[in-house]
Amino acid sequence: MSEKKRSGNVLTIVGILFVTLGLGLIGFTMFFPDEAEKVAGEARIATGQAVMKAKGQKHPIVSLGVKGGKRELDRCDGTFIEMGSYETEGLQPVYAAHNNCKGDVILPLNTGDIVEVKGRGLHTITDIRYTKKTWSTTDDIMDMTGDFIVQSCFYGENRMKFMGLTPVDQQPTGDTPTSN
């Protein structure tokens, strides 16, 4: 067999493999959309963390935006929107961002981790609460600690994450904030 024909056969096989892989991915996405969203979301979060480390950035950055509702949230401007719909007596301000609009920065974080809040300095995560996206109320987060709360949804799940944030300089004595 000639070298030219052999390389043509190899290219044909590689092409068939790529087409098969593509069709498989399309099928997976169509028949298992939540799982596909979850896998893509986890890859997006891991990529964001790698970029943060490559830049030498010590802490995730959260930007707080305007007060509003679904329209402001859906603008997807990279900020956490102060949600008017969460205003309840006894509940600190709640800021939300869609996971795919830089809200996913909070998803891998744990209690005690440090977050930089743009324009407000370093904050410690003092409380975390998980709720369902549907049929949850402000009662589920009413007794959280922190000066304010940030929230985002998990990729491909019926679950939200709420985090209470407290400025580092307001930590009780003896506590040393840590970061992953």
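The values are calculated or read from the model by the stated rules, or taken from the named source; none is laboratory data. Every value quoted in this text rests on a predicted model; they were computed, and no experiment measured them. Note: ideal-geometry Cβ built from the backbone for every residue, glycine included; neighbour counts use all protein chains shown. The protein model used for the area step is the full one, side chains on, heavy atoms only, and it has no ligands, DNA or RNA in it. Shrake-Rupley method; radii C 1.70, N 1.55, O 1.52, S 1.80 Å.
Among 104-114, 149-159, the peptide with the highest mean count of other Cβ atoms within 10 Å heads the list, and the full ranking is 149-159, 104-114. Neighbours of Thr111, meaning other residues whose beta-carbon lies under 11 angstrom from its beta-carbon, give a summed charge of -1 when Lys and Arg score +1 and Asp and Glu score -1. Amide H to amide H distances under 5 Å link Tyr95 with Met83, Ile149, Val150, Gln151, where only residues 5 or more positions off or on other chains count and H is placed in the peptide plane.
Given axes a ≥ b ≥ c from the Cα gyration tensor, I'd like to know whether segment 80-180 is rounded (a/c under 1.5), prolate (a/b larger than b/c) or oblate. Since a/c reaches 1.5 and a/b is larger than b/c, the shape of segment 80-180 is classed as prolate.
Over segment 61-180, what percent of the accessible surface lies on carbon and sulfur atoms, probe 1.4 Å? Before the final figure, lay out each step's value.
Working: 3030 of 6170 Å².
With neighbouring chains kept in place, the figure for segment 61-180 is 49 percent.
Cross-link pairs exceeding 26 Å between alpha carbons, from the set Lys58/Lys161; Lys70/Lys132; Lys38/Lys67; Lys58/Lys132; Lys67/Lys118: Lys38/Lys67; Lys58/Lys132.
The residues packed around Leu165, meaning those with a beta-carbon under 11 Å from its beta-carbon, carry a net charge of -3 if Lys and Arg are +1 and Asp and Glu are -1.
In segment 54-150, what GluC sites (Glu not before Pro) fall in a loop by DSSP, with at most 12 other Cβ atoms inside 10 Å? For GluC sites (Glu not before Pro) across segment 54-150 that sit outside H, G, I, E and B with at most 12 neighbouring Cβ atoms in 10 Å, the list reads Glu87, Glu89. Net charge of the neighbourhood of Met144, taken over other residues with C-beta under 13 Å away and scored Lys/Arg +1, Asp/Glu -1, is -3.
With θ taken as phi - 60° and the Karplus curve 6.51 cos²θ - 1.76 cosθ + 1.60 applied, the whole-hertz 3J(HN,Hα) list for segment 125-137 is 7, 9, 7, 9, 9, 10, 9, 7, 5, 10, 6, 9, 10 Hz, x standing for glycine and proline. Rolling a 1.4 Å probe over the protein chains gives Ser85 an accessible area of about 90 Å².
Sorted by average packing, counted as other Cβ atoms within 10 angstrom per residue and highest first, what order do 64-71, 94-101 take?
So the peptides 64-71, 94-101, ranked by packing, come out 94-101, 64-71.
How high is the FRET efficiency from Leu11 to Val39, r the C-beta distance, R0 35 Å, rounded to 0.05? That gives a FRET efficiency of 0.75. Between Tyr130 and Glu3, the contour length at 0.36 nm per residue exceeds the alpha carbon distance by 39.7 nm.
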